[in-house]
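S.K.: Before I ask anything, let me first share the structure, which is written out below as structure tokens.
Coordinate-derived values only; no laboratory data. As the structure is a prediction and not an experimental result, all values here were calculated from the model. Virtual Cβ from ideal backbone geometry, glycine too; neighbours counted across all protein chains shown.
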């Protein structure tokens, strides 16, 4: 029976990698971790084992004598786990034509958390073919429902019927015309935007999605006005802001991904963050390609993912859930 103080395989693998690199940055990169997350893994392992494994200074990392003594045992334990994993994957690799069809919006394709999952899939499942399809704000849900793609990287919320694996949270910002008087501000409050019309998303986007990205209803009860646009792509949303004086609420990452001289991105001090993740139909749970994706997400879930957004104000973490 596994005890609560037993080291995890991930912790043991972190120990081996750091012992090889003797550098937190290089070891973290090999493990798809941030440096703080790797440091936490090592501290947790030392606490569970009750011994100090490394000495750290500002300039170097060294393995302690006790760490050197334990390394052969750790290698044996990790090696046995690798053999078990490889045996399981060999049956997966033996299946013909295993392809994971992934949908990505233009924005999602550029995010660090997306690349992190894809890099881990490529490393851990080299026999799995990845097929990418660029989708818009409507297609990310309809293509999934129609079986045209297996999973999609999206900003939440999504309609019911999909399993949601959150990856990162980031602030939301307001996109406003550069000619608007508020564009000269360093940040705004939601109440200051009450008189601005929100660029309308196409009705084909789920109601939950349209209301979330318009902040409708507003916390103070003020009504939300919409333009007559039926937008399904981010670039069209920005044009509605630039030419027609609308506003749009977007993930903070948009400021870096879509820089334009005709619009400004402003932090909203009292606006909750948004969540980015990967989703797939609940009904596809047993699909071998989805099993591989679930395995990768499970491995990355407890690690500290990189932040996708540009620096912004502090916000409380978003609530994430599995939609059934």
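S.K.: At 222 nm, what helix-only mean residue ellipticity would the chain give, in deg cm²/dmol to the nearest 500, using -39500 (n - 2.57) for each DSSP H run of four or more? Intermediate results must be reported in sequence, preceding the final value.
M.R.: Details: 11 runs with 125 residues, N = 324.
Rounded to the nearest 500, the figure is -12000 deg cm²/dmol.
S.K.: Another question, then. Tell me, what is a quarter of the convex hull surface for the C-alpha atoms of the chain, in nm² with one decimal?
M.R.: Details: hull surface 78.5 nm².
Answer in nm², one decimal: 19.6.
S.K.: Per residue, what volume in Å³ does the convex hull of the Cα atoms of segment 172-267 enclose?
M.R.: Working: hull volume 8.7 nm³, N = 96.
Convex hull of Cα atoms, per residue: 91 Å³.
S.K.: To continue, here is another question. How big is the gap, in Å, between the Cα center of segment 119-146 and the Cα center of segment 239-288?
M.R.: A separation of 19 Å, based on Cα centres.
S.K.: Sorted by packing (mean other beta-carbon atoms within 10 Å per residue), highest first, where do 231-244, 281-294 land?
M.R.: Packing proxy ranking, top to bottom: 231-244, 281-294.
S.K.: Distance from the Cα centre of segment 1-65 to that of segment 168-233, in angstrom?
M.R.: 44
S.K.: For segment 9-93, just say rounded, prolate or oblate: build the C-alpha gyration tensor, square-root its eigenvalues into a ≥ b ≥ c, call rounded for a/c under 1.5, and beyond that prolate if a/b exceeds b/c, oblate if not.
M.R.: Details: a/c = 2.29, a/b = 1.57, b/c = 1.45.
In terms of gyration-tensor shape, prolate.
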